[in-house]
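The values are calculated or read from the model by the stated rules, or taken from the named source; none is laboratory data. All values derive from a computational prediction rather than experimental measurement. Every residue, glycine as well, gets a Cβ built from its backbone with ideal geometry; the counts of neighbours run over all protein chains shown. To get the accessible areas, we keep the full protein, side chains included, count just its heavy atoms, and leave off ligands, DNA and RNA. Shrake-Rupley method; radii C 1.70, N 1.55, O 1.52, S 1.80 Å.
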Amino acid sequence: MEIFWYSAISVVLAMFFILDGYDFGAGIIHLFFAKSEEDKVVIAKSAGLFWDSNEVWLVAGGGLLFMAFPTFYASVFSGFYLPLILVLWLIIFRAIGLEFRGHFNYQMWKDIWDTAFGVSSLLLALFFGMALGNVIRGVNLGGVKDGVSLYEGHYFFLPLWDSSFSPLSDTPGIIDWFTLIIGVIAVIVLAIHGANWVILKTNSSINHRLKSIIFNLNIALSVLTIFSLAVWQYINPAALDNFKDLPYLAIFPLLYFGGIIGLFFIKKIKKDIHAFYLSTLLILGGITSSLASLFPVILPSTNSVNESLTIYNTAASEYGLSVAFNWGIVGLILLVIYFIVQKRLMAGKIDDMDYGH
Amino acid sequence: MEDMIFYDRLQFAFTITFHYIFPQLTMGLSLIIVYFKWKFLRSQAEKYNDAAKFFMKIFAVNFTMGVITGIPMEFQFGTNWAKFSELTGGIIGQTLAMEGLFSFFLESSFLALFIFGEKLMSQRLHFLTALLVFIGSWASGYFILATNAWMQHPVGYEILDNGKYVLTNFSELFSNPWLLPAFLHNQMASLVTSSFVVASIGAFYLLGKSNIEYGKLFLKTGVIFGFISSLLVAFPTGDWNAKNVAKYQPASFAAMEGIFETEHAGAEIILIGQPNMLEKKLDNKIAVPNILSFLTYQDWNRQIYGMDKFKEEELPDNVPGLYYSYHIMVGLGTIFIGVMSLAILFLWRKKLYEFNPLLWGIMLLAPFTYVANITGWYVAELGRQPYLVYGLLKTSEGISPTVSSGNTLFTLLGFIGLYFLLGVLFLILVGKIIYKGPQPEPQTH
């Protein structure tokens, strides 16, 4: 049961990052590359039509995580207090930008909300990447100082940064040079994903340029990925042991690298949707590889006093998980149906599609 | 520690109060939209379809606001109430996850279909999307109320040695005696807000001499729905809830009614007075003898315990707040019944559309329906104090053990600033929609 819920929640959250990922990415593209008013309008719209139905996946994933792994939910949400609240503010700010931009035809008004949309999309991508970086790096569970836990062993609190900015510090913060690298990788991945989305869904005048941009970003991504793997080995020599012990887990990194290799042929790919699938592989592979490297741990402890959080020591009772399985299956099937219906309805280019209000 | 609890509670109270401005409208409004769409199917008169689409625009703005202010609610269970989440997540996580998985998805998917899909489907299917939005939003309310009902009156659980609450009976979460009365009361109250909003937009058009035909339709519909719902919110649903409080939370009942001392015979009902916590009495009291005993137990002489019968630590920690919230809710509810009864009388006599004082009255009362809904929730939540899970887990035992008060104050201030901005923008946007009116013209963005 733990493994079922772990997989189901991973899929729901991966769906969130794939779906909301393209509208975060569209925001990044909007911030850096959209120059003319027509392009700004249409790129904002390619995110604005979809963001709220995409964030439903976050709500569902959060709810399921709370139900199935309450101790993990409690530990991580209180431990990453500040960045999570910042993420909430950014989500709100970004939504304001998207929803309010078009209501007054006044240049300054539009500029404010364009910037709000672009900057908060960029920061969200960076924060989500850093969050992943924090999870794979691990945290000082129990707030251990001089061999003594300050809190119960499954609680912690991370400041935004520690003055050393080093993942090797005894008290690493949210932001250190390792998590920052992962954050930048996430920004690049989502920028590529967003660019593919813009190409797929709009007739913007920069579509052709975006392909070269994707190609260049992909080079940067390859370099950073290899660099981050080396660094990860350096700060945690056991980081990749799971893949040695369970070779079939290698499927997940293969998805990621398949995405990178495929995207080098972006200019030759005939169908835009295929390029979009490749960047989807990047996100899916990136998240699943990170999770697989830790499994069954879900939050490693950086000290030797308190044990890491796993799917077993943070799960709800067996009865609760089983009874939730019955309604969960129905719910997940419904999710897939809604998703398909909605995608079919909103298929095609969105340039002429209308907002609801 | 003390200030920590204070800031955590204040942040939750502030963010949930702001959040609940939006769902209370969307839940009731979705029913009224279904009604308009149904009338359109029956009569084929375009004005009903225009009305449905117009209110769906207002619905959509409120829904968006509900989503972005709702995500912080879900997060706060973990960020600020980690211990509570750890201990009870195996139980309340069930109902909260069901809300996210079933109702929220339903509501958001079919809202998009309603708005974008009218040309792609038949009018019957379009009606069906409206109906599913309504079902989704009410189911959402139902799961949230089921969560709250468990906190008010825990059932189907077992407490392990390590203090964790584990679920032993899933179906009891839904047969909880607290749930159905609370849910129906809440939905009727939400319908009161929406009816007043619909009627007051109608009144606004009639008084402003614009969109006259729509104004009449909105006013009439709002008054009919408002009359029915403001009666139902008091009786039987409100009555039913009060009896539940008296039965399951007698200390809270005494506090909300403002009874300091137990009387030998029947208890009086307090109409006006200010709780004086120093001298443990009510200042400037106006009360009617024996009524409370009759209302609660249909027995004029039944004894009802006052606050003197309970230990200090069992009583809600904010008696005046609870007392005022309850009396404001009941007082406003009574005014709503009065005004809506008058309006229905004028409607019947065919004089409503010209009787400006009543139109002004309805329009100005609309914001107070929000006050009544929110104070109603304050009654439930302040009444549950000093517990998170009534009788079992104290509020002070539920907060995050590692988050300091400085951090919570920081985020609270941030929320206040951001929500102020959000509130202003929301009013501009809704104001613009209302001002433009329901003319069926293509929207440009």
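Testing residue A:64 on (1) closer than 30 Å to residue B:401 by Cβ; (2) more than 13 Å from chain B (Cβ to nearest Cβ), one condition comes back false. Which one is that?
Condition (2) is where residue A:64 drops out.
What residue, among those in the stretch A:136-165 that are of a type in the set (Gly, Ala, Ser) and surrounded by 15 or more Cβ atoms within 10 Å (Cβ to Cβ), is nearest to the chain's Cα centre (by Cα)?
A:138
If I filter the stretch A:286-307 for residues that are of a type in the set (Gly, Ala, Ser), in contact with a Ser or Thr (Cβ under 9 Å, 6 or more places away or on another chain) and within 14 Å of another protein chain (Cβ to nearest Cβ), do I get at least one hit?
no
Suppose we filter B:118, B:99 for residues that are acidic (Asp, Glu), more than 7 Å from chain A (Cβ to nearest Cβ) and touching a helix residue (DSSP H, G or I) at 6+ places or on another chain (Cβ under 9 Å); which single one remains?
Being acidic (Asp, Glu), more than 7 Å from chain A (Cβ to nearest Cβ) and touching a helix residue (DSSP H, G or I) at 6+ places or on another chain (Cβ under 9 Å) holds for just one of B:118, B:99, which is B:118.
I need the full set of residues from the stretch A:212-239 which are closer than 30 Å to residue A:36 by Cβ and surrounded by fewer than 17 Cβ atoms within 10 Å (Cβ to Cβ), in order please.
Result: A:212, A:215, A:216, A:219, A:220.
Here is a list: B:292, B:342, B:332. Which entry is closer than 24 Å to residue B:177 by Cα, surrounded by 14 or more Cβ atoms within 10 Å (Cβ to Cβ) and under 27 Å from the mean Cα position of the chain (by Cα)?
That would be B:292, the only listed residue that is closer than 24 Å to residue B:177 by Cα, surrounded by 14 or more Cβ atoms within 10 Å (Cβ to Cβ) and under 27 Å from the mean Cα position of the chain (by Cα).
Here's a check for you: in the stretch A:319-335, which residue that is of a type outside the set (S, T, N, Q), within 9 Å of another protein chain (Cβ to nearest Cβ) and open to solvent by 40 Å² or more (accessible area, probe 1.4 Å) is farthest from residue A:53 (Cα to Cα)?
The qualifying residue farthest from residue A:53 (Cα to Cα) is A:319.
From the list B:297, B:324, B:305, which one is touching a strand residue (DSSP E or B) at 6+ places or on another chain (Cβ under 9 Å) and not small (Gly, Ala, Ser)?
B:324
Only one of (1) within 14 Å of another protein chain (Cβ to nearest Cβ); (2) assigned to a helix (DSSP H, G or I); (3) open to solvent by 30 Å² or more (accessible area, probe 1.4 Å) is not met by residue A:351, so which one is it?
(2)
Within the bounds of the stretch B:402-417, is there any residue that is closer than 30 Å to residue A:102 by Cβ, within 14 Å of another protein chain (Cβ to nearest Cβ) and crowded, with 18+ Cβ neighbours inside 10 Å?
yes
Looking at (1) surrounded by fewer than 24 Cβ atoms within 10 Å (Cβ to Cβ); (2) within 9 Å of chain B (Cβ to nearest Cβ); (3) closer than 24 Å to residue A:175 by Cα, which one does residue A:103 not meet, given that it meets all the others?
Only one criterion in (1) surrounded by fewer than 24 Cβ atoms within 10 Å (Cβ to Cβ); (2) within 9 Å of chain B (Cβ to nearest Cβ); (3) closer than 24 Å to residue A:175 by Cα is unmet by residue A:103, namely (3).
Quick one: would you say residue B:326 is touching a His at 6+ places or on another chain (Cβ under 9 Å) and either over 30 Å from residue A:150 (Cβ atoms) or within 13 Å of another protein chain (Cβ to nearest Cβ) (or both)?
When the stated conditions are applied, residue B:326 does not pass them.
Pick from A:312, A:338: which is within 13 Å of another protein chain (Cβ to nearest Cβ) and among the hydroxyl-bearing types (Ser, Thr, Tyr)?
A:338
For the stretch A:209-230, how many residues are without any contact (Cβ under 8 Å) to a residue 12 or more places away in the chain and within 19 Å of the chain's Cα centre (by Cα)?
1
Can you run down the residue pairs with Cβ atoms below 7 Å, 6 or more apart or on separate chains, where the first is in the stretch B:144-167 and crowded, with 23+ Cβ neighbours inside 10 Å and the partner is among the charged types (D, E, K, R)?
Sorted first by the residue in the stretch B:144-167, then by its partner, the pairs are B:152/B:384.
Which one is most open to solvent (accessible area, probe 1.4 Å), of the residues in the stretch B:190-249 that are among the β-branched types (Val, Ile, Thr) and more than 18 Å from residue B:28 (Cβ to Cβ)?
B:212
Return the only residue of B:79, B:15, B:26, B:64 being within 22 Å of residue B:201 (Cβ to Cβ), among the hydroxyl-bearing types (Ser, Thr, Tyr), facing chain A (nearest Cβ under 10 Å) and open to solvent by less than 30 Å² (accessible area, probe 1.4 Å).
Only one candidate qualifies: B:64.
Which one of these is modelled with pLDDT of 90 or more and either farther than 22 Å from residue B:78 by Cα or not basic (Lys, Arg) (or both): A:166, A:120, A:149?
On inspection, the qualifying residue turns out to be A:120.
For the stretch B:138-174, what are the residues that are farther than 21 Å from residue B:377 by Cα and assigned to a helix (DSSP H, G or I)?
Passing the criteria: only B:172.
Among residues belonging to the stretch B:82-96 that are facing chain A (nearest Cβ under 7 Å) and of a type in the set (A, V, I, L, M), point out the one that is surrounded by the fewest Cβ atoms within 10 Å (Cβ to Cβ).
Out of the qualifying residues, it is B:96.
Yes or no: the stretch A:157-165 includes at least one residue that is without any contact (Cβ under 8 Å) to a residue 24 or more places away in the chain and touching a helix residue (DSSP H, G or I) at 6+ places or on another chain (Cβ under 7 Å).
Yes - at least one qualifying residue is present in the stretch A:157-165.
Would you pick out the residues in the stretch A:251-293 that are open to solvent by less than 30 Å² (accessible area, probe 1.4 Å) and either of a type in the set (Phe, Trp, Tyr) or in contact with a strand residue (DSSP E or B) (Cβ under 9 Å, 6 or more places away or on another chain) (or both)?
A:256, A:276
Taking helices (runs of 4 or more DSSP H) that fall entirely within the stretch B:27-132, which contain at least 2 residues that are under 29 Å from residue B:213 (Cβ atoms)?
Qualifying helices (runs of 4 or more DSSP H): B:46-79, B:105-116.
Count, please, the residues in the stretch B:57-110 that happen to be farther than 21 Å from residue B:148 by Cα and among the basic types (Lys, Arg).
Adding up the residues that qualify gives 1.
Can you run down the residue pairs with Cβ atoms below 6 Å, 6 or more apart or on separate chains, where the first is in the stretch B:113-135 and within 13 Å of residue B:30 (Cβ to Cβ) and open to solvent by 20 Å² or more (accessible area, probe 1.4 Å) and the partner is of a type in the set (D, E, K, R) and modelled with pLDDT of 90 or more?
From the stretch B:113-135, the pairs are B:127/B:37.
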